[in-house]
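Nothing in this text is a laboratory measurement; each read-out follows from the coordinates by a stated rule. Just so we're clear, the structure is a prediction, and the values are computed from it rather than from any experiment. Reconstructed Cβ throughout: ideal geometry from the backbone, glycine too, with neighbour counts over all protein chains shown.
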Amino acid sequence: MEQTQQLYPNLILDALKTVRYPGNGKNIVELGMVADDIRIDGRKVSFTLIFSKSTDPFIKSVVKSAETAILTYVAPDVDIKGNIAVSAPEPQVQKPVPVLPGVKNIIGVSSGKGGVGKSTVAANLAVALARRGFKVGLLDADIFGPSVPKMFGVEDEQIYIHSVDGRDLIIPAERYGVKILSIGFMVDRNKPVLWRGSMASNALNQLITQADWGELDYFLIDMPPGTSDIHLTLVQTLGLTGVVVVSTPQEVALADARKGIAMFMDDKVNVPVLGLVENMAWFTPLRHPDEQYFLFGREGAKRLAEELNVKLLGQIPLVEDICRQADAGEPIALADSIEGLAFVDLANEVVRAIDQRNSTLPPTQKVQTHK
C-alpha cells in the first residue's frame, strides 16, 4: 500500500518557490508575497498571498500557478481549493521628512486683502517673540510687494551663501534677534517683479529650502494677501503649525478675511487657524493716548471671530508711532509703549494658542513653546 506523504510548511514553501511573478520574473517567496501563516490540517492547506495592489493584473494567474505548483511538487491529493486567500495590504503612509527639521513651529501670517497691515503685524510679532527669548525666523513671502526689509532697516543688506554639509545655503539677514529672508534682497526694489505664478512659487521654495535657517522656535511667514497658488505652495511645502489672519474692522476687509479663513479650513488645505488679529482697531492720537476714534468701524473682527468660532488674538491700535517706526526700520514692538506692548500681548496669545493646539495632539507631535 502506497504511503501518503506527510505535509509540512517548508514543503509548501519549496513548491511556491517555483512560482514566478510575471511582473519581474522573481519567485513569490523571494519577493515576500507569501505570508507567514501557512496552515496544514490533514490534507488541507491554506496560506496567504500578498499583493501590493488589489488591482494587480497578475493576481488570478499567480494564484492558479501556486495551486498548480502545490499539486505538482507536493501531492496531487492536497485540498487547496477555496483555501488560498489573496490580500492586498493597507498602503503604508510614510511620514514626510520635515523641510525644516530644526524648526519647531511654522506660523503663516495672512490677510484676505492688501492694505490691512499684515506685514506690520508679522514683523512686530516676530520681534515680540524674539524679545521673549525665542529663536525666531521671518520669511517675507509677499513676492510682489516685499516690505519686510524696509521695516527692519536691512534693504541694502548683502546676502551671502555658505556650505553646510556639502550644500550651498543662503545665510539669512539678522536683526533684533530675528533671521530674515525676502525676495526683496534679490530684486531691484525700484522695479516691479513681473513673474508668473510658477516662477514666484519656485523662488519662494528656494528661500525656504535652500536657506540656513538653523534651529528656530518660531518660523513666521508673511504671506501675500488674498488666496493664490503661492498659498498652496506654502501649504504643500511646509507643515504649517497654524495661521494668524489679519484684518481691519472694516466690512470690506472682513469679507475677504472670511474667505481667507475658509481657505485654510477647507479639507484640501486643512491648516489650523490660530486666531484673528484686528489691526487698526481704533485711532489714538500720539499726544492723547486715552482717546479712541473708530475710523474703520468698531470690533468688526471681534464679531467675525465669534461668528466663525476662532480666537481673537488681539486688537492693535492705529498710532502714528507704528508707521513712523516701521519706515525707520525699527519695529514698534521694540518699545515699551502702549503700541509696543500690544504686540507683546499678541505674541503671548499666539504662544498660548499653540499650546492649546498642542494639548489636543498626540505626545509625539507636541512641541515646547514656553520660555
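Data overview
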| item | result |
| --- | --- |
| Relative exposure of Y8, Y218, judged by other C-beta atoms within 10 Å (fewest first) | Y8, Y218 |
| Packing-based ranking, highest mean first, of 245-251, 313-319 given that Cβ atoms within 10 Å are counted | 245-251, 313-319 |
| Sequence ranges 270-279, 121-130, ranked by mean other-Cβ count within 10 angstrom, highest first | 121-130, 270-279 |
| Cβ crowding within 10 Å averaged over residues, with 203-211, 142-150 ranked highest first | 142-150, 203-211 |
| Phi-based couplings in Hz for the stretch 75-80 (Karplus 6.51, -1.76, 1.60; Gly and Pro marked x) | 6, x, 9, 5, 8, 10 |
| Cβ-based charge dipole, the stretch 103-365, positive-most Cα from V154, I316, V103 | V103 |
| When each of K118/K268; K113/K302; K259/K311; K150/K191; K104/K259; K26/K53 is checked by Cα-Cα distance, pairs over 22 Å | K118/K268; K104/K259 |
| Amide H contacts of W282 (H built 1.01 Å from N, under 5 Å, at least 5 apart or other chain) | L318 |
